[in-house]
Structures are given as C-alpha cells and as structure tokens.
1. What pairs come up if the first residue lies in the range 323-350 and is of a type in the set (S, T, Y), the second is outside any loop (DSSP other than H, G, I, E, B), and their beta carbons are under 7 Å apart, counting only those six or more places apart or on different chains?
2. When only residues in the range 225-242 that are surrounded by fewer than 21 Cβ atoms within 10 Å (Cβ to Cβ) and of a type outside the set (A, V, I, L, M) count, which is farthest from G215 (Cα to Cα)?
3. Does K97 fit the bill of being over 21 Å from V14 (Cα atoms), out of contact with any Ser or Thr (no Cβ under 8 Å at 6 or more places or on another chain), among the basic types (K, R) and exposed (fewer than 15 other Cβ atoms within 10 Å of the Cβ)?
4. Within the bounds of the range 146-154, is there any residue that is touching a strand residue (DSSP E or B) at 6+ places or on another chain (Cβ under 8 Å), part of a loop (DSSP other than H, G, I, E, B) and within 28 Å of L227 (Cα to Cα)?
5. Do we find that A195 is of a type in the set (G, A, S), closer than 28 Å to A234 by Cβ and in a strand (DSSP E or B) in this structure?
6. Do we find that V14 is under 23 Å from E290 (Cα atoms) and either buried (at least 19 other Cβ atoms within 10 Å of the Cβ) or among the aliphatic types (A, V, I, L, M) (or both) in this structure?
7. Which residue is surrounded by the most Cβ atoms within 10 Å (Cβ to Cβ), if the candidates are limited to the range 104-125 and must be part of a helix (DSSP H, G or I) and not assigned by TED's automatic domain parsing to the domain that holds L160?
8. Kindly indicate whether V27 is free of Cβ contacts under 8 Å to residues at least 24 places away in the same chain, under 15 Å from P274 (Cα atoms) and of a type in the set (A, V, I, L, M).
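The values are calculated or read from the model by the stated rules, or taken from the named source; none is laboratory data. Nothing here was measured: the structure is a model prediction, and the numbers come from that model. In this analysis, Cβ positions are derived from the backbone assuming ideal geometry, glycine residues included, and neighbour counts consider all displayed protein chains.
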Amino acid sequence: MKAAIISLGSKSSVMTAEAMQKYFDSVDMIQLKQIEVCLGKDASILYEGKELGNYDCIYVKGSYRYANLLCSLASMLEGKIAYMPFFANAFTTVHNKLLTHLVLQQHKIPMPRTYITSTIAAAKDLLKRVNYPVVMKFPEGTQGKGVMFADSYGSASSLLDALGVLNQPFIIQEYVETGGADIRAFVVGDKVIAAMRRKAHTHEKRANIHAGGVGQSVQLGREVMKLAVTTARALGADICGVDILESPLGPLVIEANISPGLQGLSKVSTVDIPDEIAKFLFFKTQEKVEERKKLGAVQVMKELDMDPEATQDIVSTLQFRGEKIVLPEIANRIARFTETKEYVITAKKGQLEIKEMK
C-alpha cells in the first residue's frame with residue numbers, strides 16, 4: 001500500500017513518515033506549499049505543477065494559516081483514496097477556536113463559559129458582569145499565540161480598545177484556576193495513546209510548550225480519557241491533541257489541535273508516538289482497502305444480478321494468444337483474479353479449474 005504525508009515538513013511530520021515506512025510499501029513526503037487545488041470542470045490536485053499520484057492513505061497536516069487549502073485538499077481526496085484521518089470540515093472547524101467551541105456546545109462537551117459579542121461596546125458591557133480574571137482569544141492561532149489575560153475590567157477594556165484598532169474578532173472566556181497547568185491528551189483512533197501535564201513558566205499563564213511551558217508525564221483517569229476521545233470524534237479527527245483543564249467541577253476542554261507537535265510529548269512519554277500513529281494509519285487503511293474490495297465485488301454482482309457466493313456458468317469461445325488462454329472479461333470480473341496472488345491450476349482434457357491459494 002502507498003501512503004503520503006502532505007505537510008509543511010515539520011520535525012513531527014518527518015518522525016511520522018519515518019515510522020510509516022516500516023508498515024507501508026512506500027511513503028512520500030509532500031510539501032503543502034507546493035500543492036494547488038483546481039476546482040471546476042477539470043478539478044484536480046497538482047503537486048509541483050503535476051497531478052498528484054495515487055495513494056491508499058494520505059495524512060494531511062498544516063497550520064491554521066492554510067485552513068482553506070487543507071479543507072479544499074481533503075474535500076477533493078474524500079472518496080478517492082481508501083483512508084484519511086480527518087473529515088474535510090475538521091480543518092476549518094479545529095483551526096478556528098470559535099467554531100471548535102460551537103461543536104463542543106452541540107455535542108454537550110464541557111468547556112469554560114465562553115462569550116461572543118457583536119461590538120466592542122457590547123463586549124465592554126459584558127465585561128462589567130463577569131468574574132475576573134478572563135481570557136481573551138483570537139479565533140485563529142496556535143501554540144498559545146493570540147491568547148491574552150485580563151485581571152480587571154480596566155485591563156480587559158484596554159485590550160478591547162487595542163483589538164478594536166486592529167479590527168480583530170475575539171472570544172471572551174472565563175479563566176479557570178489550575179495553577180497554570182493543563183493536560184494535553186493525544187488521541188489516535190478510539191484511545192488516548194499518550195498524555196502530559198503542561199505547567200506554565202513562572203509569570204506566564206499559558207501552559208503551551210512553545211510559550212515556555214514544561215511537560216510532565218501524567219496518568220489520566222477514565223473520565224478525562226473518555227472526554228478527549230469524545231472531543232476528537234465530535235471534531236471529525238482520528239488523530240488529535242486535546243487540551244483539557246482539570247477544574248474543581250471536572251475536566252473542561254479548552255482547545256484541540258489536528259496538527260500537534262510530537263517532540264514535547266515524546267520527551268515525557270514512554271510510548272513511541274510516531275510508531276503508534278503509523279500503525280494506526282496502516283491498519284485503518286488496510287481495513288478500508290478490504291472494505292472497498294468487498295463493496296466492489298458486491299457492486300459487480302448487483303450489476304450482473306448475481307449472488308457473489310454462487311458459481312456462475314459462462315458460455316463462451318476461448319481466445320488464444322500464442323499458447324496462452326485469454327479469459328472472458330466477465331469471468332475475471334466474477335472471479336476477481338489479480339497478478340499479485342498465486343493460483344492453483346488443475347487441468348485435464350476438456351476441463352480447467354483455477355483456485356486462489358489460501
């Protein structure tokens with residue numbers, strides 16, 4: 001089976017591609033910046049100006065800046081390859097914190113109280129009624145960028161004035177005191193394969209590793225693991241980093257990441273994370289390829305109005321190419337012979353039997 005990673009070429013992507021090489025027949029690293037998606041009558045995906053090759057599995061990754069391209073790319077690939085770990089709309093949803101919170105709300109997934117207002121004036125009126133401190137976020141951004149904290153109405157009002165000048169949309173969220181720590185749970189498929197507690201640097205409230213946070217190994221309880229998996233499923237992602245606060249009232253989801261870095265988590269985990277991802281991608285792809293074969297066989301039988309398990313008699317003359325016999329096309333469609341398998345051929349005068357070796 002052939003696989004590819006389409007990404008910005010990060011260290012995490014390289015780590016994953018190297019692990020995938022142990023399972024797939026071939027793995028290509030494809031640079032996202034060299035991808036073009038052509039829509040319309042001659043819709044196609046181009047890589048370095050040429051049509052993208054055929055793959056059984058494609059793992060698409062990239063930052064929020066490429067959300068539209070990622071969504072377009074995944075939409076074009078859906079149904080054409082056996083397996084991708086994300087639904088196309090996951091790229092627009094997860095790369096936008098507001099859309100993420102809306103999905104969490106729809107699925108009744110616990111999160112901190114979050115506010116959206118139409119104007120700066122409305123936001124200032126809201127800020128008179130909330131408890132402090134509060135968190136103010138840009139809808140787009142990763143690694144803790146675009147996250148601000150205000151411990152009073154005055155500081156929050158000043159931030160709003162600055163946002164008004166920048167003409168930037170924003171989200172206001174209650175601040176949950178956790179001692180500057182959060183949980184990053186790494187979901188692959190239907191389980192959390194690794195997790196860490198991230199502790200914010202002194203004088204910093206953001207626990208993100210890229211903001212100076214320190215990762216520590218942690219054992220998660222069933223409630224937190226179930227919450228992480230439920231969140232990933234709601235967002236349409238089979239591979240996802242889910243960030244969770246351990247509040248006095250229970251775990252709360254604050255963010256998700258479908259292009260999570262592996263280095264920080266790998267340092268504190270005993271799990272070979274790239275290998276776990278690679279194995280999951282391989283077996284999931286294998287499963288989907290087999291499903292496609294079965295569906296294809298059933299479809300052929302439906303078209304021929306035949307029972308796929310029944311023996312069919314075909315009346316035909318034989319064609320010869322030299323000393324070789326060319327089977328009628330319909331016979332091969334029913335038997336589904338391939339060049340990659342071996343067969344036992346039993347022959348006697350006037351009779352020929354071909355059986356696939358088990």
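1. Y343/I354; Y343/K355; Y343/E356; T346/E353
2. G236
3. Details: over 21 Å from V14 (Cα atoms): yes; out of contact with any Ser or Thr (no Cβ under 8 Å at 6 or more places or on another chain): yes; among the basic types (K, R): yes; exposed (fewer than 15 other Cβ atoms within 10 Å of the Cβ): no.
Here the answer is no, as K97 does not meet what is asked.
4. The initial filter retains those residues of the range 146-154 that are touching a strand residue (DSSP E or B) at 6+ places or on another chain (Cβ under 8 Å), namely 146-150.
Remaining after also requiring part of a loop (DSSP other than H, G, I, E, B): 146.
Subset that is within 28 Å of L227 (Cα to Cα): 146.
Checked against the condition, which is being touching a strand residue (DSSP E or B) at 6+ places or on another chain (Cβ under 8 Å), part of a loop (DSSP other than H, G, I, E, B) and within 28 Å of L227 (Cα to Cα), the range 146-154 yields at least one hit.
5. Numbers: of a type in the set (G, A, S): yes; closer than 28 Å to A234 by Cβ: yes; in a strand (DSSP E or B): yes.
It is true that A195 is of a type in the set (G, A, S), closer than 28 Å to A234 by Cβ and in a strand (DSSP E or B).
6. On the way: under 23 Å from E290 (Cα atoms): no; either buried (at least 19 other Cβ atoms within 10 Å of the Cβ) or among the aliphatic types (A, V, I, L, M) (or both): yes.
Here the answer is no, as V14 does not meet what is asked.
7. First, pick out the residues of the range 104-125 that are part of a helix (DSSP H, G or I): 104-106, 120-125.
If we keep only those that are not assigned by TED's automatic domain parsing to the domain that holds L160 as well, we get 104-106.
On the way: L104: 22, Q105: 11, Q106: 9.
Among them, the one singled out is L104.
8. Numbers: free of Cβ contacts under 8 Å to residues at least 24 places away in the same chain: no; under 15 Å from P274 (Cα atoms): yes; of a type in the set (A, V, I, L, M): yes.
Taking the combined requirement at face value, the residue does not satisfy it.
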